[in-house]
Amino acid sequence: MSSLSKVVASLKERFSEVAESEFRGLTRVVVPQSQCFEALTCLKGEFGFDMLVDLTCVDYLNFRDATDRFGLVYLLASMEDNLRLTVRVMLNEPDLTVPSVVPLWEGANWMEREVWDMFGILFEGHPDLRRILLPEEFEAHPLRKDYPLQGRGERHNFPVLTRGEA
Amino acid sequence: MAIELPENVVISKLDSLGSWCRKNSLWPMPFATACCGIELMATGASRHDLARFGAEVFRFSPRQCDLMIVAGRVAMKMLPVLQRIWQQMHEPKWCISMGACASTGGVFDTYAVVQGIDRFIPVDMYVPGCPPRPEQLIQAIIDLQDKIQAEGTIGGREFNTFARQQRKRALMELPIIRTPQIVLPNRQGTN
Ligand code: SF4
C-alpha cells in the first residue's frame, strides 16, 4: 500500500489536476482529458504498470451528483509490485476524443474498439477503429443512456423472405 | 366393375404417396444459436431418438436439408446469415421455430435481438417453451408431418405462398431513424 501511495503522490506532483479517491481498498485517480496519455505513459514507463486489465466506459447521464457525461476507466496492474490502480478520464460532449493507448498496451486494441462501438468515444491514433460487436452499418452507440433499450428500429430493418421466392 | 387387386397392393394418389415419402424422411438443419440448441441436441440423441420419426440425420449443410429448426435467439447480426441459409435450402422446405426466443424474441426485448424470426422468414411450426422439452419438439415434428401429408406435393402446391403461410402477425416495417454519423479520424490507421 505504501508503494501505491508513493505512486499517486508523485503522479499528483507531476500532473497538477489529478484527483485521488479510495473505494473499498481500491485507489482511483481522475486524470484530466488533456493529460491522460502523458499520465498513462508515465504510469507504464516509470511506475511499472505493465498490464492494462480492462478499459471500459461509464455513461453518467442522469446519474445523481454527476457533473461529467462519460467516465473512461483504465484498470491498471503492476505485475512486479502487485499494485492495482484505477485511472479515470471524464469526458463531455462534444469533445469525446482521447489518444489511443495501443502504443502502450497492445491489448487495448479490441477494448478501445468496444468502447467506440458501445459509447462512441473516439480513440485518436488507433490502428483500426472499427465496430467490434455490432454490424458495420449500425449507426448508434447503444450503451449510451439516451439510446432506447429497444433500439431505433435497427432490429426490424431487414428484407422479408416469403415462401416460394427462394 | 369390381377390380380384383392382388395381395399387398394398395391404391393411392401419387400426391399423397409423394407426401408420405417426404414427411417420413425429414432432414433437419440445426440452426442452434443458444440454449435451446442443447434440447435440440438431446432430441437428436439416443434417449429421445428422433430416428423413430425419420428425422434423425442432422446435416450441417443447408443444401442437404429440408427442415430448418431455428433453436435460440437470433441477433440482428445473425439474421442475414439465417436468411442466406434459408435461401440455400432446396424446395420443398419447412421451418420450425423452437423456443420463445426464436418465435418472439423471448425475454430479450432489446435493440440487438430479432423479435421473432417469422417477421423475416416463413415459419411452419412454433414450439413454445424456454427451452421446450424434446417431447415438445418431437410433437412439433409429428404435427409438421401431418401438415406435409395434408398439403400435397405433386403440382407444386407448396409453392403457393398464400394458402400455405398464413401470416401469423402483422409484419410492420419500422423506419430506421438515422443519427448523424461521426466522422472517424485516422480510419485508415496511422501507425
Ligand atoms: S427460449 Fe429459453 S432456452 Fe430457448 S434460446 Fe431462448 S432463453 Fe434459451
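The values are calculated or read from the model by the stated rules, or taken from the named source; none is laboratory data. All of these numbers come straight from a predicted model, not from anything done at the bench. Using ideal geometry, Cβ is built from the backbone for each residue, glycine included, and neighbour counts are taken over all protein chains shown.
Residue-wise test of (1) modelled with pLDDT of 90 or more; (2) surrounded by 17 or more Cβ atoms within 10 Å (Cβ to Cβ); (3) not in a helix (DSSP H, G or I).
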{"site": "A:LEU11", "(1), (2), (3)": "no, yes, no"}
{"site": "A:SER16", "(1), (2), (3)": "no, no, yes"}
{"site": "A:GLU20", "(1), (2), (3)": "no, no, yes"}
{"site": "A:VAL29", "(1), (2), (3)": "yes, yes, yes"}
{"site": "A:PHE47", "(1), (2), (3)": "no, yes, yes"}
{"site": "A:LEU52", "(1), (2), (3)": "yes, yes, yes"}
{"site": "A:THR56", "(1), (2), (3)": "yes, no, yes"}
Give the residue that is nearest to B:ALA75 (Cα to Cα), with candidates limited to residues of the range A:138-164 that are within 30 Å of the chain's Cα centre (by Cα) and more than 7 Å from chain B (Cβ to nearest Cβ). A:PHE138
Heads up, the helices (runs of 4 or more DSSP H) in the range B:27-120 (entirely inside) with at least 2 residues that are within 10 Å of the ligand (Cβ to nearest atom) and more than 10 Å from chain A (Cβ to nearest Cβ) are B:36-44, B:99-104
Of (1) small (Gly, Ala, Ser); (2) within 13 Å of the ligand (Cβ to nearest atom); (3) at pLDDT 90 or above, B:ALA140 satisfies all except one. Which? (2)
Please state which of the following conditions B:SER16 fails to meet, knowing it meets all the rest: (1) in a helix (DSSP H, G or I); (2) within 13 Å of the ligand (Cβ to nearest atom); (3) surrounded by fewer than 18 Cβ atoms within 10 Å (Cβ to Cβ). (2)
Do we find that A:ARG130 is in contact (Cβ under 8 Å) with a residue 12 or more places away in the chain and basic (Lys, Arg) in this structure? yes
Within the set of pairs 6 or more residues apart or between chains, which connect a residue that is within 22 Å of B:MET89 (Cα to Cα) inside the range B:28-50 to a residue that is of a type in the set (Ser, Thr, Tyr) with Cβ atoms less than 9 Å apart? B:MET29/B:SER61; B:LEU50/B:THR43
Could you list, in sequence order, all residues of the range B:65-117 that are polar (S, T, N, Q) and closer than 18 Å to B:ILE141 by Cα? B:SER97, B:SER103
Which residue, of B:GLY156, B:GLY116, is exposed (fewer than 13 other Cβ atoms within 10 Å of the Cβ), modelled with pLDDT of 55 or more and either touching a Phe, Trp or Tyr at 6+ places or on another chain (Cβ under 6 Å) or of a type in the set (Gly, Ala, Ser) (or both)? B:GLY156
Output the residue which, of all residues in the range B:121-136 that are part of a loop (DSSP other than H, G, I, E, B) and among the β-branched types (Val, Ile, Thr), is nearest to A:GLN150 (Cα to Cα). B:ILE121
